Amino acid sequence: MSEIPFAMSPLIVVAMSLMQDQVEAALNSIRPNLIIFDVAHWIPPLARRLGITSIQHSSVGPSSVAHNLVPARNLSKGQHYTELMRPLPGFPSSSIQLQVFEARSIMEFWTRDFIGGMTFHDILLASLRDCDAISMRTCREVGGPYCDYVEIQHGKPVLLSGPSLPDPPTTKLEERWVKWLGGFERGSVVYCALGSVCHLKKEELHELVLGLESTGLPFLAALKPPSGCATMEEVLPQGFQERVKGRGVVHGGWVQQTLILEHPSVGCFITHCGGSSTWESLMNDCQVVVLPQMDDQFFNARLLTEDLKVAVEVKRRDEDGWFTKEDVCMAVKKVMDDNSKVGNELRANHTRWKQVLLRPDLESSYLDGFLQKLFEITKIPPPCHA
């Protein structure tokens, strides 16, 4: 998905659908006990014919699934986007409240035609309806109430694989970033990254980088150039690079995010709240500022700001999501100022959650439990260990 423009994502679903004959031939040949899939909604009926257990693995967070992808949520094309602003009865959190622009954006995303007259919402809801079980990348400590709600709504087991935290890096941070970050005080650098899919509009990018400049702090922003622009340099505000020379870098390519977040000079992480970045934000010592861009990122942002209380969100205009350089600067200063009561409270909460997730047996216990559930669902005796 990250290798094509977002507008072309339906083509991946179409391409997968055209592979049904090949997939059926492969399954007939190898006869697996189970098959795990995400958006190939035709897998459960095929697997059932062949006596294979099917598990739908959700690539989005459990709060997004619980809000958007339950049978009671009917995102038909005739439904108004404001329906999404109201949580369904029994929804486990009252803190997740969508703004107008967020609800409109989610509605547009879910109700796009993908294949055969089915919207993306139709496809994923069919996948969840027809599979034998659902799996999610989370742990009960973080997403438990949402997983329970999904299990009740769909009437089938929800398996938790745990957070699947990244292994310690085996590579070293590129020398240019080691040298650059090493020139600043501990915990002083703001690192900003909005993921591999997000392309800000030129005007939005200007507000973001000017907001970073206004903080007076050193910063490294890893951003994609706006659509239609070849390089970042051609779209930066006039005179910006000269003004921030020596303390600010806007980089248009890929960076080693995990290693950058571990660097002692980095003290703040501005994130779009994609799935992996959300977990990474919890695993480092940086203060967290969230600037979600689409769909499940809005829910991940509320998880961090409202449920876990480890982050602040950049203030945005309700009707269209517009944010200003002042909004960016204010959010960063709120968490980075030494005398900030909010910043100190967030840091304390962040430390507690990091300790929970770094518990030595957390990952192994969830993976063991996940495998045990797979054996139970497929009715295969687990292997005996000496």
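Among the lysines, select those whose C-alpha is under 28 Å from the C-alpha of Lys156, and discard any that sit fewer than 8 residues away in the same chain.
Answer for Lys156, where 28 Å is the Cα cut-off: Lys77, Lys373, Lys379, listed by chain and number.
Considering only DSSP beta bridges whose two residues both sit in the chain, what percent are antiparallel, to the nearest 5? Show your work: numbers first, answer last.
On the way: 2 of 33 bridges.
That works out to approximately 5 percent antiparallel.
Quick check: the distance between the Cα centres of the stretch 324-377 and the stretch 218-252, to the nearest angstrom?
If you average the Cα positions of each part, the centres end up 29 Å apart.
Which of Phe37, Phe120, Phe375 moves most in a GNM of the chain, Cα contacts under 10 Å?
Per the Cα network of the chain with a 10 Å cutoff, Phe375 tops the list.
Of the listed pairs Lys333/Lys354; Lys201/Lys333; Lys172/Lys354, which have alpha-carbon separations greater than 28 Å here? Intermediate values should be presented prior to the final figure.
On the way: Lys333/Lys354 22 Å; Lys201/Lys333 24 Å; Lys172/Lys354 23 Å.
Checking Cα-Cα distances, every pair stays at or under 28 Å.
Which angle between 0 and 90 degrees, to the nearest 10, do you get for helix 120-130 versus the longest principal axis of the chain when only C-alpha atoms count?
So the inclination is approximately 40 degrees.
Considering only the stretch 6-161, what is the antiparallel percent among its DSSP beta bridges, to the nearest 5? Don't skip to the answer; put the middle values down first.
Values: 2 of 13 bridges.
Bridges in the stretch 6-161 are about 15 percent antiparallel.
Working out 0.36 nm times the residue gap between Ile380 and Glu326, then minus their Cα-Cα distance, what length gain in nm do you get to one decimal? Don't jump to the answer; show the numbers that get you there.
Values: separation 54, 0.36 × 54 = 19.44 nm, distance 5.84 nm.
Gain on extension, Ile380 to Glu326, equals 13.6 nm.
What area, in nm² and to one decimal, does the C-alpha convex hull of the stretch 6-161 cast on average over all directions?
Numbers: hull surface 38.6 nm².
Seen from a random direction, the Cα hull of the stretch 6-161 projects 9.7 nm² on average.
Between Gln256 and Glu319, what length in nm is gained on full extension when 0.36 nm per residue of separation is reduced by their alpha carbon distance?
19.2 nm
What's the angle, to the nearest 10 degrees (0 to 90), between helix 341-357's Cα axis and the longest principal axis of the chain?
40 degrees
Quick check: residue separation of Glu174 and Ala230 times 0.36 nm, minus the Cα distance between them. What number comes out in nm?
On the way: separation 56, 0.36 × 56 = 20.16 nm, distance 2.35 nm.
Stretched out fully, the Glu174 to Ala230 stretch lengthens by 17.8 nm.
For a quick check, take a GNM of the chain with Cα springs below 10 Å and name the residue from Ser59, Ser135, Ser127 with the largest mean-square fluctuation.
Ser59
For the stretch 175-357, what does the relative contact order come out to in percent, with C-alpha contacts under 8 Å and a separation of six or more? It would help to have the intermediate numbers written out before the result.
Details: 301 pairs, mean separation 42.2, N = 183.
With pairs under 8 Å counted, the relative contact order is 23 percent.
Nearest 10 degrees is fine. How inclined is helix 362-378 to the longest principal axis of the chain, computing both from alpha carbons?
20 degrees
Which residue fluctuates the most in the chain, going by a Gaussian network model with Cα springs under 10 Å, if the choices are Trp110, Trp279, Trp177?
Trp177
Which ordering of Ile36, Ile115, Ile106, Ile380 is given by a fewest-first count of other beta-carbon atoms within 10 Å?
Values: Ile36 15, Ile115 19, Ile106 24, Ile380 12.
By the 10 Å Cβ count, ascending: Ile380, Ile36, Ile115, Ile106.
Counting other beta carbons within 10 Å of each Cβ, put His67, His251, His350, His57 in order, fewest first. Walk me through the numbers on the way to the answer.
Numbers: His67 26, His251 13, His350 23, His57 16.
Sorted ascending by nearby Cβ count, the order is His251, His57, His350, His67.
Give the cross-link partners of Lys334 among the lysines, using a straight C-alpha distance below 20 Å as the criterion and excluding same-chain residues fewer than 8 apart.
Lys334 reaches Lys309, Lys315, Lys325.
Å³ per residue of the Cα convex hull, for the stretch 175-357? Walk me through the intermediate numbers first.
Working: hull volume 21.2 nm³, N = 183.
It comes to 116 Å³ per residue, whole-number rounded.
Roughly how many nanometres apart are two label points built 7 Å out from the Cα toward the Cβ at Asn344 and Leu358?
It is 2.2 nm.
Once you keep just the Cα pairs under 8 angstrom separated by 6 or more residues, what percentage relative contact order results for the stretch 6-161? Mind dumping the intermediate values first?
Numbers: 202 pairs, mean separation 44.2, N = 156.
After rounding, I find 28 percent.
When the C-alpha atoms of the stretch 217-284 are aligned to their principal axes, what extent does each axis show, in angstrom, from largest down?
36, 28, 15
Any read-out appearing in this document is the output of simple, stated calculations on the displayed coordinates, not a laboratory observation. This one's a predicted model, so the numbers in the text were calculated from it and none came from an experiment. Quick reminder, even Gly has a Cβ in these numbers, built from the backbone with ideal geometry, and neighbours come from all protein chains shown.
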